[in-house]
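Asks: Got a structure here, written out as C-alpha cells. Questions coming.
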Amino acid sequence: MKNIDSYTHLRGESLFVDDIITRQDTLYGLVFDSPKAHGKIIAVNYAKAEAVHGVIKIFTYKDVRGENQIGGIIPDEPLWAEKEVHFQGQPIAFIVAESEQIAKKARKLITIEIEELPIITTAKEAKAKGSFINAPRSFNLGDTASTFKKCKHVFSGNTFSNGQEHLYLETQGAYAIPMENGNIKIISSTQGPTSVQKMAAQVLGIAMHKIEVDVTRLGGGFGGKEDQATPWAVMAAVAVQYLKKPVKFILNRHDDLRMTGKRHPYDATFKIGLDKDFNILAYDVEFLQNSGAAADLSPAIAERTLFHATNSYYIPNVSSIVHSCKTNLPPNTAFRGFGGPQGMFVIESAIAKAASELKINKRIIQERNLLVENDTFSYGQIATQVEMKNTWNTAIKDFELAKIESRITKFNNENTLFKKGIALMPITFGISFTNTPMNHARALVHIYQDGSVGVSTGAVEMGQSVNTKMLQVAYKTLGVRSKNVKLETTNTTRVANTSPTAASATADLNGKAVLKACKILKNRLKKVASKLLKVDEKEIRFKKNEVIVNGELTALTWKQVVSQAMLDRVALTENAHYVTPKIHFDKTKEKGHPFAYHVYGTAITEVTVDCIRGVYEIDAVKIVHDFGQSMNLGIDIGQVEGALAQGIGWMTMEEIAYDKKGKLLSNTLSSYKVPDVFAAAKEVAIIPLETQGNKMAIKKSKAVGEPPLMYGIGTYFAIQNAIKAFNSKHVIKFNSPFTPEKVLISLYED
Ligand code: MTE
Ligand code: HPA
Ligand code: MOS
C-alpha cells in the first residue's frame, strides 16, 4: 500500500500548520532572543519596539500566570529568561503584532544590557569545571579492572562526534486559537501533543482539559520536535490567554537554526581489552555528552548511549559511564537514534583502533564478537531471537564481499591518486522507550452508521508513514476496504495522555491499540451478522466490505451489518489501551529487560577518496536489514534509505560550529551542508532478512525508524581505510564528521 499522504503531498494539498486557514483577527508572534551565551540581564528596553504601529504587546516572564517553566525531565528551563541568560538564542520576550513584518521591525528596536559571565561551549570544559545537568549514570557488567590485567592486548583512545541539525523541511511553529470560556486550541507541529498540552497548562496556570492540541502532520521531526516544539506553542497560548485573539508563530529558518538544540556532540575515552584470539574481554568507556544549557531530554539520551555502548557485540566485562555536561549552547535534544549512534561510534572506533594496532582487518574483530542467542547486555537483558550473525553472514554472502574486496585491492594497486575503502557496520538497536512507563498507547475507533471508519491514535505522522500503517492494521482487522478507513488528526481530546511519537515504537504501540479496538468491534459485528444469517458467529468473516461464511460470499454486506447494529443499539465505537508486556528496568541496579526486542542489520560501505582534493564519493551501501515480517516494504525501505542518508550526513559533511562565545556559525544552509543527491551513495541495495518476525512488533513488522541511521557510521571507517591505503603513516583518529578538509589533512600528515 502506498503512503496515504502521497497523493496530497504530490499535489501540494497536504496541510501543515502554515496551511491552516487563519481567523481574520489573527496576530503574529516573534521571539526576541539572547545575543549573549551567558550573563546577567541588567536591563531590557522595549519602549521603542512597543511604540511601533501594529505592535500589540511584548510578552515576558512577567506575563506568566502559572509557572515560567517548560523542563520535562528536570524543571530547569524557563519559557522566557528572567534574570540570567544561558545560551545565545534563549527566548527573552515574545513580540505579538499585526503582522510578522511589524514584529521583525520591532525586534530590531529592542536593546538589552547583559553583564557577561564565563562561557562554556564544550563538554570537556564543562567536566573540568564540574558543570553538569545531573549525576552521571553508569552501566556495569562483570569486572573490567581484573580482566584488563589478563588481556593479551589492551588499547585506549578518545573520540569526538559532533552534533547534527535536524533540518526538518517544516520549521517549528504553532497556531493558538481562543475558544469559549478561556479554553484554547493549539495547532502545533509537535511530536508530543500531550507535552504541549501539559506545558501550556502549566505555564498558563489552567487545567489540562482547557487546552486542546491538534496535529495533522509534521514536515519532518527527526526528534527535533519531541520536546522542542513546545516553547513556541506555549508562547502563542500565553498570548491568546491575554489577548483573546488567535496567535500564529512560525519560526523562520534562521531563527529555528539559532534557537533550537541539535544532536548532542559527544567526547569519549575508551579502553578495550582482547585475548589472543581477538575476543573482546573488557571495555571501559566514559562519555561526555554536551547537553547544552538545560536538561531537555539529555538524561534519557545519555541513558540510551549506555544501552548501545556495545552495539552488536557481546562483551562480558563492561564499565560505562556518561556525564551530561551543562554548557552554554541551546539545549541539545532528541535526534534519530537518541544517543545510540554516539555510543556506537565509540565502540566501532575502539575496534578500529585495536585492528589498526594489531595490523588486522577490523572485520575479524567485529565478526568474532557478534552477539549470539542468550548473550547478556550490560544492562542485564538476555538477547533472544538474535539475528545479528544472520544479517552479517547474509550480507557477506549475498553481496559477495570477497569479490568487492578483491576489486578494491586491485583498484588501489592500479591507482595512486584515488583510493577505495570499505567497512562493515553491524547494528543492534533496542525497541521501546527506555523509560518503561512511557510504553503505552491508545486508539479510538468509530464505525459510522454508513459503514465508514474513523481511527484516532496518539501517533503523529511526520513522514515516516505511521498513519498508513495504522490504516493497514484497521482495514485488515475489520475486513473492510482500505478506502473505508480514515486516519483522523492526532488530537489530545480524542486520545489523551500520549507518549510522544518517538523511539521508533509508535507503530508498535499505537498499532497494537488499533488492532485491539478493531478486533473488539469486529467481534461485536459478527454477533449481529450471525443473527441476520442464522449461522454461528465463528463461521463469519468480513473481507473487503463483504460478509463471508465458510469461504462463500453471502448476500449480506458490511454496510448492512452496521445498519442492523445501529437498530440493535450496538456500540460502534471502541477505545483500546495497549501496554508493552514483559518490559521492566530497575534504575537503582541499572539492570532489567527494557526492550520489547532488538532490530539487527549489517551494512557494507564502499567509498572512493580523491587523494589530491580530499573529497570522496560513496560508491555503494549494501544492507541486509531485519524488518521482521514487514507490513509495508515500500515504506520500510524508504525509512532505511532516508535514515542512511541522514547517518552519512552526520558522519561526513554536516558540521555544526559554534564560536567560543557560543554563537552558531553554521547558521545558514550555505554554511551547514546536508547531503544532496550528489552526496548520496551511488548505489543503495537493501535485502530484507528472511525471518519469522517478532510477536512484540505490530503484525511481526519490526520498528524501522531509527536503527538504519547507524549504518551511516560505516562511512567514517570506509573513508579511514581509503586514507590508509594512500598514506600508510596515517595515525587513525576518531573525530567525526570526516569532512573533506579533515580527509585532506589525514592524507598528507605523517
Ligand atoms: N521519517 C521521516 N520521514 N520523518 C521523520 O521526522 N523521524 C524518525 C523516524 N523516521 C522521521 C522519520 C524518528 S527520530 C523516529 S523516532 C521515528 O521515525 C518515529 O516514528 P515511528 O515510531 O513511527 O517509527
Ligand atoms: N527514545 C526516544 N525518545 C524518548 C525515549 C527513548 O527511549 N525516552 C524518552 N523519549
Ligand atoms: Mo526519535 S529521536 O525518538 O524522535
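Asks: Determine the pairs where a residue that is over 25 Å from Lys661 (Cβ atoms), located within the range 36-53, has a partner that is surrounded by 13 or more Cβ atoms within 10 Å (Cβ to Cβ) with Cβ atoms under 7 Å apart, the partner being 6 or more residues away or on another chain.
Replies: From the range 36-53, the pairs are Lys48/Leu109; Glu50/Ile58; Val52/Ile102; Val52/Lys105; Val52/Ala106; Val52/Leu109.
Asks: Scanning for something within 16 Å of ligand 3 (Cβ to nearest atom) and among the aromatic types (Phe, Trp, Tyr), does the range 719-727 turn up at least one residue?
Replies: no
Asks: Filter the range 493-532 for residues that are under 14 Å from Lys469 (Cα atoms) and among the basic types (Lys, Arg) and give the result.
Replies: Lys512
Asks: Of all residues in the range 201-215 being of a type outside the set (Val, Ile, Thr) and open to solvent by less than 30 Å² (accessible area, probe 1.4 Å), which is nearest to Leu243 (Cα to Cα)?
Replies: From the range 201-215, those of a type outside the set (Val, Ile, Thr) are 201-202, 204-205, 207-210, 212, 214; that's our starting set.
From the residues that got through so far, the ones that are open to solvent by less than 30 Å² (accessible area, probe 1.4 Å) too are 201, 204, 214.
Numbers: Ala201: 17, Leu204: 13, Asp214: 21 Å.
Among those that are of a type outside the set (Val, Ile, Thr) and open to solvent by less than 30 Å² (accessible area, probe 1.4 Å), it is Leu204.
Asks: Give the number of residues within the range 341-363 that are within 16 Å of ligand 2 (Cβ to nearest atom) and out of contact with any helix residue (DSSP H, G or I) (no Cβ under 9 Å at 6 or more places or on another chain).
Replies: Adding up the residues that qualify gives 0.
Asks: If I ask for residues that are open to solvent by less than 40 Å² (accessible area, probe 1.4 Å) and within 16 Å of ligand 2 (Cβ to nearest atom), which ones from the range 485-504 would you list?
Replies: Thr498, Ser499, Pro500, Thr501, Ala502, Ala503, Ser504
Asks: Filter the range 623-635 down to residues that are surrounded by fewer than 24 Cβ atoms within 10 Å (Cβ to Cβ) and either closer than 29 Å to Glu405 by Cβ or out of contact with any Lys or Arg (no Cβ under 9 Å at 6 or more places or on another chain) (or both), then give me how many there are.
Replies: Pass one, the range 623-635, residues surrounded by fewer than 24 Cβ atoms within 10 Å (Cβ to Cβ): 629-635.
Cutting the leftovers down to either closer than 29 Å to Glu405 by Cβ or out of contact with any Lys or Arg (no Cβ under 9 Å at 6 or more places or on another chain) (or both) gives us 633.
Of the residues in the range 623-635, 1 are surrounded by fewer than 24 Cβ atoms within 10 Å (Cβ to Cβ) and either closer than 29 Å to Glu405 by Cβ or out of contact with any Lys or Arg (no Cβ under 9 Å at 6 or more places or on another chain) (or both).
Asks: Suppose we filter Ser482, Ser456, Ser452 for residues that are away from ligand 3 (no atom under 16 Å from the Cβ), within 30 Å of Ser563 (Cα to Cα) and open to solvent by less than 10 Å² (accessible area, probe 1.4 Å); which single one remains?
Replies: Only one candidate passes the filter, namely Ser456.
Asks: Where residues in the range 53-112 are part of a strand (DSSP E or B) and not β-branched (Val, Ile, Thr), which of them is farthest from the chain's Cα centre (by Cα)?
Replies: Lys57
Asks: For the range 320-340, name all the residues that are open to solvent by 20 Å² or more (accessible area, probe 1.4 Å), more than 14 Å from ligand 2 (Cβ to nearest atom) and either more than 23 Å from Phe87 (Cα to Cα) or not assigned by TED's automatic domain parsing to the domain that holds Ile364 (or both).
Replies: Within the range 320-340, Ile321 is the sole residue that qualifies.
Asks: Filter the range 612-647 down to the residues that are among the β-branched types (Val, Ile, Thr) and not in a strand (DSSP E or B) and list them by number.
Replies: The answer is Ile612, Val615, Ile635, Ile637, Val640.
Asks: Oh, and also: Kindly evaluate Leu218 against the criterion of being open to solvent by 20 Å² or more (accessible area, probe 1.4 Å), within 16 Å of ligand 3 (Cβ to nearest atom) and hydrophobic (A, V, I, L, M, F, W, C).
Replies: Criteria not met by Leu218.
Asks: What pairs can you find where one residue is in the range 436-461 and touching a residue at least 40 places away in the same chain (Cβ under 8 Å) and on the phi < 0 side of the Ramachandran plot, the other is among the aromatic types (Phe, Trp, Tyr) and in a strand (DSSP E or B), and their Cβ atoms are less than 7 Å apart, with a gap of 6+ or different chains?
Replies: Note: pairs meeting the criteria are Thr436/Phe585; His440/Tyr578; Ala441/Tyr578.
Asks: In the range 591-611, which residues are in contact with a Lys or Arg (Cβ under 7 Å, 6 or more places away or on another chain) and either of a type in the set (Asp, Glu) or not in a strand (DSSP E or B) (or both)?
Replies: Hits for the range 591-611 are Glu606, Cys611.
Every residue, every condition in (1) without any contact (Cβ under 8 Å) to a residue 60 or more places away in the chain; (2) open to solvent by 10 Å² or more (accessible area, probe 1.4 Å), yes or no:
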{"site": "Gly647", "(1), (2)": "no, no"}
{"site": "Ala657", "(1), (2)": "yes, yes"}
{"site": "Lys663", "(1), (2)": "no, yes"}
{"site": "Phe678", "(1), (2)": "yes, yes"}
{"site": "Ile698", "(1), (2)": "no, no"}
{"site": "Met710", "(1), (2)": "no, no"}
{"site": "Ala718", "(1), (2)": "no, no"}
{"site": "Ala725", "(1), (2)": "no, yes"}
{"site": "Lys733", "(1), (2)": "yes, yes"}
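Asks: Taking the range 505-541 only, how many residues are open to solvent by 20 Å² or more (accessible area, probe 1.4 Å) and not in a helix (DSSP H, G or I)?
Replies: Here the count works out to 4.
Asks: Counting only residues that are touching a Gly at 6+ places or on another chain (Cβ under 7 Å), give me the helices (runs of 4 or more DSSP H) lying completely in the range 351-428 with at least 1 of them.
Replies: So the answer is 388-398.
Asks: Can you pull out the residues in the range 488-513 that are within 13 Å of ligand 1 (Cβ to nearest atom) and either of a type in the set (A, V, I, L, M) or in the same structural domain as Thr216 (by TED's automatic domain parsing) (or both)?
Replies: Ala502, Ala503, Ala505, Ala507, Leu509
Conditions (1) aromatic (Phe, Trp, Tyr); (2) within 16 Å of ligand 1 (Cβ to nearest atom); (3) in the same structural domain as Thr457 (by TED's automatic domain parsing); (4) closer than 25 Å to Lys104 by Cα, marked per residue:
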position: Gly192; (1), (2), (3), (4): no, yes, no, no
position: Ile206; (1), (2), (3), (4): no, no, no, no
position: Glu212; (1), (2), (3), (4): no, no, no, no
position: Arg217; (1), (2), (3), (4): no, yes, no, no
position: Lys225; (1), (2), (3), (4): no, yes, no, yes
position: Trp232; (1), (2), (3), (4): yes, no, no, yes
position: His254; (1), (2), (3), (4): no, no, no, yes
position: Phe287; (1), (2), (3), (4): yes, no, no, no
position: Leu306; (1), (2), (3), (4): no, no, no, no
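Asks: Also: May I ask you to list pairs of residues, at least six apart or on different chains, whose Cβ atoms are under 6 Å apart, with the first in the range 12-33 being under 9 Å from Phe249 (Cβ atoms) and the second being open to solvent by 40 Å² or more (accessible area, probe 1.4 Å)?
Replies: Between residues of the range 12-33 that are under 9 Å from Phe249 (Cβ atoms) and residues that are open to solvent by 40 Å² or more (accessible area, probe 1.4 Å), the close pairs are Tyr28/Glu100; Leu30/Arg107.
The values are calculated or read from the model by the stated rules, or taken from the named source; none is laboratory data. Computed from a predicted structure; not experimentally measured. Don't worry about glycine lacking a Cβ; one is built from the backbone with ideal geometry, like all the others, and counts go over all protein chains shown. Please note that ligands, DNA and RNA were not included when accessible areas were found on the heavy atoms of the full protein model with its side chains. Shrake-Rupley method; radii C 1.70, N 1.55, O 1.52, S 1.80 Å.
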